[in-house]
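Visitor: First, the structure itself, so that you have it in front of you.
Since every read-out is calculated from the coordinates, none of them should be taken as a lab result. These figures come from a predicted structure and were not determined experimentally. When we count neighbours, we look across all protein chains shown, and the Cβ atoms used for this are built from the backbone with ideal geometry, even at glycine.
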């Protein structure tokens, strides 16, 4: 059964629209939305910019099925194409579909959708007892259970540090190693129990100790940082002059990665200029309406017509 995506609340939507209006002239024609999800951003872009056409991507079979159905129901098939594939490979997907368009706008919503967290069978959330899966595309690739039951202690430590910033994971890893020798760790509650044996939830502390553990495993399963690096470098090659690239992140590791990649673009040979010296964050009203937006950050970079000239003379301070 296909789950319904139609209740999706697009995060930082007003800020995305404002970023386009503030940074582009009126002759923009094409946008790419790299994560269609429930279609909130995609449909909103079409509504706010009547002359804009859109290409959206998603690798989740449920998102695609719902998306194709909703596009047909809204009679928007002439303005939007929803393509199947991981957005890190968007160039190959475009080639396979014989599309040669270059965009004026690229939007990357890098967070996991509410649908994934609210779908018990997908294994993203420790609120539900479910198979320990966590794959965005549940038809291929290794699951979180595969990783937790086969990776070495050193590999698990690397995952927990790099993707969860958990620097005291030794006790948890020891419990994992002991448990999987007796029986495999197959469900979200199997892992949750091991985490709680290591770090009991503290009263008054909002962040559950499972949060970082599940985040780290999800990022490893879906190779999320590698995907971000690949897609931003490819996006920089296809964005049209005076076009903008926007990235929405949901935790500090993602945001730091985007910040550093944007900085590399600004310092590279192709003329780019960072628009957001500091990330744009949700309003108090948005956070009140959608609690999951509270950690969201939007960064924007623009491909400009010419590179800023640097002073070719090195400035030396005069010695007294």
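Visitor: How do 88, 252 line up, fewest other C-beta atoms within 10 Å first?
Guide: With the fewest neighbours first, 88, 252 line up as 252, 88.
Visitor: Turning to a different aspect of this structure: Shape call for the range 169-311 from the C-alpha gyration tensor, a ≥ b ≥ c root eigenvalues: rounded (a/c under 1.5), prolate (a/b greater than b/c) or oblate?
Guide: On the way: a/c = 3.31, a/b = 2.04, b/c = 1.62.
In terms of gyration-tensor shape, prolate.
Visitor: Expected output is a single nm value to one decimal: the length gained when fully extending between residue 21 and residue 233, i.e. 0.36 nm times separation in residues minus the C-alpha distance. What is it? All intermediate terms of the calculation are to be shown ahead of the outcome.
Guide: Working: separation 212, 0.36 × 212 = 76.32 nm, distance 2.41 nm.
So the chain would gain 73.9 nm between residue 21 and residue 233.
Visitor: Can you sort 58, 137 so the residue with the fewest Cβ neighbours within 10 Å comes first?
Guide: Arranged by neighbour count, lowest to highest, 58, 137 become 137, 58.
Visitor: Counting other beta carbons within 10 Å of each Cβ, put 304, 231 in order, fewest first.
Guide: 304, 231
Visitor: Calculate the length of the line joining the C-alpha centroid of the range 10-57 to that of the range 245-306, in whole Å.
Guide: 16 Å
Visitor: Angle between the Cα long axis of helix 224-238 and the longest principal axis of the chain, 0 to 90 degrees, nearest 10?
Guide: The answer is roughly 10 degrees.
Visitor: Can you tell me the relative contact order of the chain? Whole percent, Cα pairs under 8 Å, sequence separation 6 or more.
Guide: Working: 478 pairs, mean separation 56.3, N = 320.
18 percent.
Visitor: Stretch residue 98-residue 165 to full length: gain in nm at 0.36 nm per residue minus the Cα-Cα span?
Guide: Numbers: separation 67, 0.36 × 67 = 24.12 nm, distance 4.16 nm.
Computed gain between residue 98 and residue 165 is 20.0 nm.
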